[in-house]
1. Using the Cβ atoms and a cut-off under 13 Å, what net charge is assigned to the surroundings of B:E512, where Lys and Arg are +1 and Asp and Glu are -1?
2. Under 24 Å between alpha carbons, and skipping anything fewer than 8 positions from B:K478 in its own chain: which lysines qualify?
3. In debye to the nearest 20, how big a dipole does the range B:523-565 give about its Cα centre with +1 on each Lys and Arg Cβ and -1 on each Asp and Glu Cβ?
4. Tell me, B:S4, B:S846, B:S190, B:S798 in order of fewest to most beta-carbon neighbours within 10 Å?
5. Taking the alpha-carbon distance from B:K593 and a cut-off under 15 Å, which aspartates and glutamates remain once sequence neighbours fewer than 8 residues away in the same chain are dropped?
6. Once a ≥ b ≥ c are taken as the square roots of the eigenvalues of the Cα gyration tensor of the protein assembly as shown, is the result rounded (a/c under 1.5), prolate (a/b larger than b/c) or oblate (a/b not larger than b/c)?
7. In whole Å, what is the distance between the alpha-carbon centres of the range B:33-79 and the range A:73-147?
8. Find out how many positive minus negative residues lie around B:G602, taking Lys and Arg as positive, Asp and Glu as negative, among other residues whose Cβ is under 9 Å from that of B:G602.
Amino acid sequence: MSLNAEAQILRQVPMFRNLDTSRLKLLAFTSERMRLPAGQILFRRGDTSDAAYVVLDGKAEVFFEALSGTVKVTELGPHDLIGEMGVLGEIPRSASVRAVTDLLVLRIDKQVFIELLEQFPRIAIDVMRELAHRLERTTERLASISK
Amino acid sequence: MERSLFHYIWRHSRRDQIAIFIVVIASLPFYFMSLDLPKRIVNDAIMGNAFAGGVSEVVFLDLDFTWPDFMGGGTVMLFPGMTVGQMGLLFGLSGLFLFYVCINGAFKYWINIAKGALGERMLRRLRFDLFSITLRFTPDTLRTTKASETATIIKDEVEPIGGFIGDAFVQPLMLSSQALTAMVFIMLQSVPLGLVVLLVVGVQFTVIPRLRRVQLRLGKERQLASRLLAGRIGEVVDGMDAVHTHGTERWEKSEIGERLYHLFDLRFRIYKWKFMVKFLNNFLSQLTPFFFYAIGGYFALTGRLDIGQLVAVIAAYRDLPPPLKELIDWDQQRLDVQIKYDQIIQQFMPERLLPEHEPATAALTELHLAGPVSIENLRVQDQHGTVLVEDATLSWPYPGCVALVARGDGAALAAPHAVAEVLARRILPAGGRITVAGHDFLSLPEDVTGRRIAYVGTQPRLFPGSLRHNLLYGVLHKPAQIETAASAFGDGGDKTRVSEALRTGNPLDTPEDDWIDHSAIGMLSPSELDALLLRHLALAGLEDDTFHFGIHGWVDTVRYPELGKRIVEARQHLRARLSECGMTGLIEAFDEKTYANQASIGENLLFGASRSPQFTGQGRARNPLILKALDAEQLTGDLIGIGAGITAAMMEIFSELPPGHALVTQFSFLASEQTVDYDEALRRYQAGGLRRLRADDRVLLLTPALDYIEPRHRLGFLDDGLRQRILAARWRLRADIDRAGEPCDLEPYRADALCHNAMLRDNLLFGRLDASIANARQSISAVVTDVIEDLNLRPAVSAVGLDFDVGPGGRLLTARQRAGVELARNTVKQPDILILDGGLGAYSASEASVIHERVVALLQNRSMIVVAGENTDLESFDAVVTFDDSGAVTTTVPGDLPLRAGA
């Protein structure tokens, strides 16, 4: 998969939707492509948040380790962004992630991510907007649960 | 040092000066004979004067010697000569002329060499003397001395003095004798004209030097100003971080600009004076002929002087101005050099120096300071006269661990540190008496204190060089007896070295001698020494750091002849281990026959490692060997095309980031400062392809292509055909290098041998990591460490770390590592007394306390003095000395009542 194809996939990520092609390429070029065989752990709950990941191909699942075994939270596929909250909030990983099928991800280093936000307010605004949307959805869900 | 330069020169070089002078005198007769010969050749041989009157043969080369009358007279025939005809005489005289030319040339050669050697020897002596004096600067002097200024003095300012020394005595003697001869000749012809010449020469000799004095004063100012400039530039370079932190680049530029203007102004004024004086000098020289023509002509016309005499005087006068001019120049140079010398000497005044260092005797070097310390009425001041310690009296037993504590927040704060510095001989007290192990401490030479006392302060001073050199710095005390042995057994080149050292007052030691004080650390083999250093580094908490340096270091197989083989073994173990764990895919192994995808195009092409600029960076794109191989496989166009593609991609990707941005420096192929060049090269390439490119463009565009790694950069430039041709170019390059048969800086990768130019870690991996496998780096590091542990290679790898170059002032180390090296260096020398004055400040609190415990354990039978910080646990000390604001000093034993109260 070439840099151009990766840039096209990044465009599907909501947070990066409004970026023009050259910035998407910048994001892709400064990131590392990584392969994980099915079953391998990407990171564990409690690890330092040193990078965010975009799924390029394959499936991954988010899970917690409980006494009774693992509890699957959600499944992620292409275009999904993983671990960006930890990077932005400078907090350890809140859950574990592993590959369900063979997985191809783009690893965006924390330092690079922060540099990009600092350099391009446009990306920062998009990230904020996306976070605000998520917060809104969570609030709605909370409201619907507590009803 | 002597006040007067001439005393200094005379004292150290009179024998050589006299020898040169004698040779110069001996050469003169030959010189005059060679001047006389052309006349004889023309008159006697060619014009045939010798054969006038029908003589057909003359005697040639007859050598006889007539005794002076007072010795009885008579003639001794040395050589009867040969009878020759006109042709014979011509060739004989011409041959004689050639002979004199050779003789004169030989004399000149010898004199020039002797003068040059004399100057260089004196320069060496002068520089060495100045450096020796620098080592004697008092602490107060050092505070006001700028390192870069001292360096300029020793390096640059003495240079002209050296050039002058060869001529210092010989030149004026020669010139004045020449001038005197001409003068006497003129006087003999005509006294009045002689007096006129004398008058003009007198004016020249009084007025011109006076005028030149102004010029010299300006020259002196210029010397000072350029010295200050050097000092200032040194300061800016040392404090560059502060300049950048405060963004004061512009201020610094204007400051230096102003100094440069001042220098220009001085130079310009010097020029104006110089040429004015030159004009006057020329004028005076021309004035004499005027007098000759006017007055001499008048005398001739009035019949008081015959025309022949006038012509002779004028002819003789032609010989007078050149030596006079040179004499005046010599005098000018003398004044100039004397002023420079004075300027230099002023920086090295006796009142700014410590007493001269006596050579250590065996008794002194074996003297230990293992005994109680007793301090009486100690008084310490800083350079402003502020009292740091007032009349302190204290003592402690040996062995023991003593804490110096300040109680209060005023005058006492600096006291423990001041006492520690006095005991380390870093400052001299203003008064008081210190006795250590029964010796008067303040009068002990550095040979004793430097060996027996260790001081670990907050500012480690590391010297550029290997970690090993820095660790051994405290034990570089060569025993005295080796010195005589070296001079006695000098052979060949070494003999010259020794005799030159003796002639110039330089030391006979060389840095290659065995400098290690084996009486301090024991008679150790090189490997035992490494083990000792590693133990002390481990004590200072640098075990892992040293291992890290080692694994990222280069193996010196001269020092460790066996290690190369063991690393190749470890390489095979690593390969086996990886396949056991199913991790073979982590590393793409190097193979002569296949293209390594995880390595760059350049690495694939070279298939070897080099540390020479010809085979790294942009040097590769200029290397004719590489270019030839690329051309042969018709790769040049393809690679430049790839380079252009990369350049275009980089231009697009990084276009919106400012040049020099962290992301650009970290990720872009193109250096920020070359962006414009790349832009132009790319435009030319897009407009007209390869043909439009200039030579520099080719280098620019080829370089990024050589750094390209397809799986990492993912720009899609490589296909199998290209890979195959790159392989072919690899083989061709290797064949070309082998065929040339010359030593080459490119060392090929071989599966069964160590590659000296590659890092130890790369030698173990012998391949490139596949970075696209998740957590590849961590996994491989763990396996590498395992293999090294299993093969028991860790000490050997750490020993390679001892070769790590710490950089100027240890700048390639972290603050913690610098502190660790400083501590280890001090424990290595096994001191009787170790002073810890904030030296653990760079460690985290928990690590500092662990290391403190280790040092205490190491020194349990010796003495340790700790300047206690706020968090120091005083309970563990044998004695605690407390300084309080009132100036009182109390010694307590923890858990006990106060022992003794000082004043």
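1. Details: positive: B:K478, B:R497; negative: B:D494, B:D509, B:D513, B:D514.
Overall, the nearby charge balance is -2.
2. B:K495, B:K829
3. Working: 3 positive and 7 negative charges, 23 e Å.
So the magnitude is around 120 debye.
4. On the way: B:S4 13, B:S846 8, B:S190 22, B:S798 27.
Taking fewest neighbouring Cβ atoms as first place, the list is B:S846, B:S4, B:S190, B:S798.
5. Correct list for B:K593: B:E603, B:D720.
6. Working: a/c = 2.32, a/b = 1.58, b/c = 1.47.
In terms of gyration-tensor shape, prolate.
7. 112
8. Numbers: positive: B:R620; negative: B:E603, B:D707.
In short, -1.
Any read-out appearing in this document is the output of simple, stated calculations on the displayed coordinates, not a laboratory observation. Just so it is clear, the model here is predicted, and its values are computed rather than measured. All Cβ positions, even for glycine, are placed from backbone atoms using ideal geometry, and neighbour counts span all protein chains on display.
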